[in-house]
Amino acid sequence: MRLLAALPWLRPALARADRPRIPRALGYLPWWMAPGSEALPLKSVERVVLFDAPIGADGSLLERDWPKGAAPAAGAELALTCFGEGRFEEVFGDPRRRARLLAQALEQLKRPYVSGLHLDIEGYAQPAPGAVAGFRAWLAQLDERRRAQDKALSAFYPASDSFAPYDAGAARRMDYWVAQLYDAHWAESPATGPLVTRRAGNPVAVPRALARLAALGVAHEAVLLSVPLYGWEWPSAAEHPGAAALGRGRLLTYAETPAALMPNDRLAATVLAARHGLRRDAEETPYYAYRDGGRWRQGWFEDLHSLTRKLAPERALGYAGPAFFPLGYDRGELVGALLRWWSAR
């Protein structure tokens with residue numbers, strides 16, 4: 001005790017070692033699915049992240065009306081989201097906006113159902129150095145204050161070679177990370193293809209994405225691997241994988257979701273694959289293709305077969321576990337099966 005009193009900077013490090021922070025399974029609960037949270041597989045994952053509290057241009061947080069029961073009894077982490085390097089510079093390049101964001105983030109930590117904060121800070125180009133420095137200073141303040149409250153701090157690490165707000169020092173402030181492994185092909189993708197890939201030429205390829213975290217000194221056991229429970233259907237120029245996409249993709253859920261929770265996006269990948277015929281690419285990714293008038297449509301998603309093939313090396317290397325986005329899109333079918341496979345290692 002005398003040592004702790006003499007060296008107060010040791011307290012956060014010892015507190016961190018004393019309490020386990022790294023979950024072996026995580027699920028993102030989106031605000032639009034939260035009204036049906038009682039029917040979602042929240043108990044199958046060790047950590048729930050409430051998605052989301054968007055960061056405004058002035059540094060304020062958008063308040064969501066989370067229904068009772070959306071967070072487990074032990075609480076949930078709240079995702080603070082900032083998308084685009086423009087918004088990043090607006091907020092973190094301005095001391096007053098950073099201060100407002102810090103104050104509102106700390107207010108969120110006072111809520112009984114919030115066990116910590118989860119940062120989802122994404123961009124597509126490197127922001128101004130001043131904004132990066134401001135972000136790291138803000139993160140240091142947040143880290144100090146959340147430790148004093150015994151709250152968790154984690155982050156989603158985007159798969160981008162150009163957007164790099166974290167350095168090794170900032171990385172050490174996190175209890176754990178969720179690595180982005182999806183979006184190898186996305187809604188506006190110029191070609192059809194899988195959401196998750198190991199192909200080296202893709203900037204979101206699994207080994208390439210994880211190498212970014214390893215370069216910051218983050219250990220395997222502190223990294224969860226993001227798993228998409230959604231897919232995309234594109235109008236395409238042909239039926240084969242990699243065909244030109246002729247428009248924006250439409251969202252697919254893995255399984256049929258209740259109309260009360262998703263009244264608009266009603267395309268279920270597994271239902272459409274059964275109707276039009278299940279195909280697989282060279283990586284065993286499931287997809288379907290069918291003629292729609294004068295052009296083709298292709299729908300791509302991930303299933304247990306493709307994910308166990310693509311993530312087997314990381315399971316063997318001791319990565320923490322899967323992180324599912326978003327809970328509810330599979331009605332629990334894929335989450336349970338993948339967790340059983342992962343725990344069998």
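The numbers here are math on the coordinates, done by the rules we state, and not lab data. Everything quoted here is computed from the prediction, not taken from an experiment. Positions of Cβ are generated from backbone atoms using ideal geometry, with glycine treated the same way; all protein chains shown enter the neighbour counts.
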**Prompt:** How far apart, in nm, are the 7 Å Cα→Cβ label points at residue 199 and residue 187?
**Reply:** 2.3
**Message:** Need the full-extension length gain, residue 316 to residue 107, defined as separation in residues times 0.36 nm minus the C-alpha distance. One decimal, nm.
**Reply:** 71.2 nm
**Message:** Taking a virtual spin label 7 Å from the Cα of residue 244 along the C-beta vector, which residues in segment 171-191 bring their backbone nitrogen under 16 Å of it?
**Reply:** 189-191
**Complete:** Taking the chain, the equivalent ellipsoid from its C-alpha gyration tensor has semi-axes in Å, biggest first, of 35, 21, 20
**Request:** In whole Hz, with x marking every Gly and Pro, tabulate ³J(HN,Hα) for segment 82-94 from phi via Karplus 6.51 cos²θ - 1.76 cosθ + 1.60, θ = phi - 60°.
**Result:** 9, 10, x, 5, x, 5, 4, 5, 4, 7, 7, x, 10
**Request:** Express in nm, to one decimal, how much length is gained between residue 141 and residue 58 on full extension, taking 0.36 nm for each residue of separation and deducting their alpha carbon distance.
**Result:** 28.0 nm
**Fill in**
the chain: antiparallel bridges as % of DSSP beta bridges, rounded to 5, reads 35
**Prompt:** Short version: ³J(HN,Hα) in whole Hz for each residue of segment 155-163, in order, from phi by Karplus 6.51 cos²θ - 1.76 cosθ + 1.60 (θ = phi - 60°), x for Gly and Pro, what are they?
**Reply:** 8, 8, 9, x, 8, 9, 6, 9, 9
**Message:** Can you tell me how segment 18-78 classifies by the Cα gyration tensor, rounded, prolate or oblate, using a/c under 1.5 as the rounded cut?
**Reply:** oblate
**Fill in**
For the chain, the charge dipole (Cβ of Lys, Arg +1; Cβ of Asp, Glu -1; about the Cα centre) points to a positive end, and the Cα of 211, 299, 271 closest to that extreme belongs to 211
**Request:** For residue 156, enumerate residues with amide H under 5 Å from its amide H, sequence gap 5+ or separate chain, H modeled in the peptide plane.
**Result:** 119, 120, 121, 178
**Centre separation in Å (Cα based) which lies between segment 86-110 and segment 262-308** = 41
**Fill in**
The simple spin-label model distance between residue 295 and residue 65, using points 7 Å out along Cα→Cβ, in nm, is 4.0
**Message:** If I take every Cα pair under 8 Å that is 6 or more residues apart in segment 233-300, average their sequence separation and divide by the length, what percent do I get for the relative contact order?
**Reply:** 34
**Request:** Evaluate the distance, in nm, between pseudo-label points positioned 7 Å from the Cα of residue 162 and of residue 340 along their respective Cα→Cβ axes.
**Result:** 4.4
**Asked** How large is the convex hull of the Cα atoms of segment 233-300 per residue, expressed in Å³ as a whole number?
**Response** 89
